[in-house]
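Notes follow the structure.
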Amino acid sequence: MSRRLSPDRIKLCLGIAAAVATAVFLGWRVLGFVEEVWGPEANPFAPRPAIVAPRPIERIKEFAPAAGSVVLRDVSYAAGAGDVPGWRVRADDRVAEAHPEIAAEAAPWRGSAAPAWRRPLAGQGNSSPIVVGERIVLTIADGGPPLRLVCVSLETGTDIWRQLVSREPFPPRHEKTSDAASTPCSDGERVFVAHATADAVHLSAFSLDGRSLWKTRLGPFTARWGFTCSPAWARGLVVVGADNPEEGFLAAVDGETGREVWRRRRPRAGDESYSSPVIVAAVPSGAAAATAAEPHVVMAGLGRIESHALGSGRTLWGTGGIAGTSGATAAVAGDICVATSGYPTRAMVALRMDPGGAAPAVLWKEDRDSEVPYVPSPLAHAGRLYVVHDDGMAHCRDLVTGKVVWKRRVGGTFTASPVLVNGELLCADESGRCMLLDLDDGTARHEFSLTGGCFATPVVVRGRLLVRTTQELVAFEVVAGPRASPRDR
C-alpha cells in the first residue's frame, strides 16, 4: 500500500527546500564578497579558481607569410650592449641572444646588508625585471586587475613612469605564481608585454617613455594555474607562446605595427605548459648555410620540443622526450638544447640541434624525480649544465654527456632559476634565503637573506644584481669600482 503525502507535508518539504536553497545562495554571495574585498590584500598569491559558464572552444587558425615574401628585417637590438632586454637574454654587440646572466669578471661577491638602493613595490609579480639602457622595466599586479608596467632608474631606483597595461579580469592561477608572471621583452626602442585575460592572450607595446603604441589579441587561452610565458624578440618580430589544453599556439608579431605575421598550433596533449620560447641564432655550416642564417624558435612543452623558422613559423623539427607539462624554459648553448618537464612525470633531455634543420640527436636523458626540476629553469654555461631542484637540491652535469659533476643540498623550496654572479652560482629560495655556490665543486661560498620571499629570477647587468622580492626591488653592487655604462647608440 503506497503512502500519499498530505498537502501540509508537501508544503513543509517545499518550504525546507526553499530555505536551504536561499541559505546556500546567500552564503555563496557572502563568501564571494569577503574574498573579493579582503582576499587579494590578505594574500595576493591566493589561488583564484574561476567558475564560469562553459564557452565554445575557439579553434586556432594557422597562417604563414605568402610564399617568397620577405618577413625578417635586417634590424638589430637598438640600445646598449650589456642590456638584459628579455627573459634570459643579453644584448651583446647590439644583438639580443639567449645567454646566461653573467657579470663582468671580478672578485667574488659576498652579499651586502647595504644595497645600492631598494624600492618598495606596490604590487606583486613573479616576472623578472628587464634592463634597457639605464631603465629597468617590470610588470606589477595587485592580486587582481589592473596589470601595470613600471619603469625605474637603474642608477637610483626612482620611478620614471607607470603605465596601465590591462584592467580585464585575469585567468585562474596557482597560489605560488602571480598575475604578473610573464617577463617583458624589448627591441631597444619599445617594450612588449604578453598578458592573459580570462579567455585570451594579448601582446601590448609601449615606447621607452611609457606611451601605449598598440595592443593585439593573439588567441584563446584556458589555464588552471595562470599565464607565465615570456615573449622573445629578434629581427623585428616578437614571439609569444600560449600552451593550454584546448587550443595552444605559437605566434610571431611585427614589433612596429602589432600585426600577426604567423601562427602555429601547439601539440594537443590535454594539458598545459608554462615555458617560454627561445630564439636561437643558428651558426651557418657548409651546404646548410642558407638555411642556418635564419634564426629559429625553440619551444618545449605539451610533450614536445619543436623548432620553427623565425620568419615563417615553418616547423623545422619536432621530437618527444618530455611529459605534458613543462614549467621551465629550455636552456640553449650553441647547438645543444636541454628541456625539462615536471608533470605527470619528470624528464630532462639534452639534444644536439642540426644547423640544417634535420631531426636533433639525443645526447642523454634523465627521468629521476630528484634530478629534474619542475619550475626552475636549467642554466647552461661553459660546457656544463647547472640545475636547482624545486626541493632544494643543486647539481652540475657535463652538458654533452649528462654525467653528474657535483651535487649539493642547498635546502629551501625554489621557484626562481639560478643565475651566475662573478663566476659563482646564485640560488635564491622562496623565503629569500640566497646561497652562492662554487661552479667547480658546489661548495657553499656565502649565504645571505633578503627582505621578503623571492619567486622571480634575479638579473645581473653591468655590475649590478637586481632582485625582485615579494616586497621590493633591490639593487646590489657586485663589481667593485666604477660601474660600466651602456654603449652609445
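The values are calculated or read from the model by the stated rules, or taken from the named source; none is laboratory data. Not measured: the values here are computed from a predicted model. Virtual Cβ from ideal backbone geometry, glycine too; neighbours counted across all protein chains shown.
Figures for the structure shown
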read-out: Leading residue by the ranking (nearest to VAL238 (Cα to Cα)) among those in the stretch 269-281 that are part of a loop (DSSP other than H, G, I, E, B) and out of contact with any Asp or Glu (no Cβ under 8 Å at 6 or more places or on another chain); value: PRO277
read-out: Among (1) in contact with a helix residue (DSSP H, G or I) (Cβ under 7 Å, 6 or more places away or on another chain); (2) modelled with pLDDT under 95, the one test that SER370 misses; value: (1)
read-out: Filtered residue count, the stretch 318-339, keeping only those that are in contact with an Asp or Glu (Cβ under 9 Å, 6 or more places away or on another chain), crowded, with 20+ Cβ neighbours inside 10 Å and not small (Gly, Ala, Ser); value: 1
read-out: Selected residue (only one of GLY82, GLY111 is modelled with pLDDT under 85 and within 30 Å of ARG445 (Cβ to Cβ)); value: GLY111
read-out: Odd one out for VAL298, checked against (1) at pLDDT 95 or above; (2) on the phi < 0 side of the Ramachandran plot; (3) in a loop (DSSP other than H, G, I, E, B); value: (3)
read-out: Matching residues in the stretch 119-161 - criterion: being polar (S, T, N, Q), buried (at least 19 other Cβ atoms within 10 Å of the Cβ) and within 16 Å of VAL459 (Cα to Cα); value: ASN126, SER127, SER128, THR139
read-out: The stretch 384-424 - residue that is part of a loop (DSSP other than H, G, I, E, B) and free of Cβ contacts under 8 Å to residues at least 24 places away in the same chain and, of those, farthest from ALA181 (Cα to Cα); value: LYS403
read-out: Those residues of the stretch 165-178 which are touching a Gly at 6+ places or on another chain (Cβ under 9 Å) and closer than 15 Å to THR469 by Cα, in sequence order; value: THR177, SER178
read-out: Criterion violated by ARG264 - all others in (1) over 19 Å from ALA339 (Cα atoms); (2) surrounded by fewer than 22 Cβ atoms within 10 Å (Cβ to Cβ); (3) of a type in the set (Lys, Arg) satisfied; value: (2)
read-out: Residues (in a strand (DSSP E or B), crowded, with 22+ Cβ neighbours inside 10 Å and small (Gly, Ala, Ser)) located in the stretch 162-203; value: SER186, ALA194, ALA196
read-out: Residue match in the stretch 215-222 (condition: in contact with a His (Cβ under 7 Å, 6 or more places away or on another chain), assigned to a strand (DSSP E or B), at pLDDT 95 or above and of a type in the set (Val, Ile, Thr)); value: yes
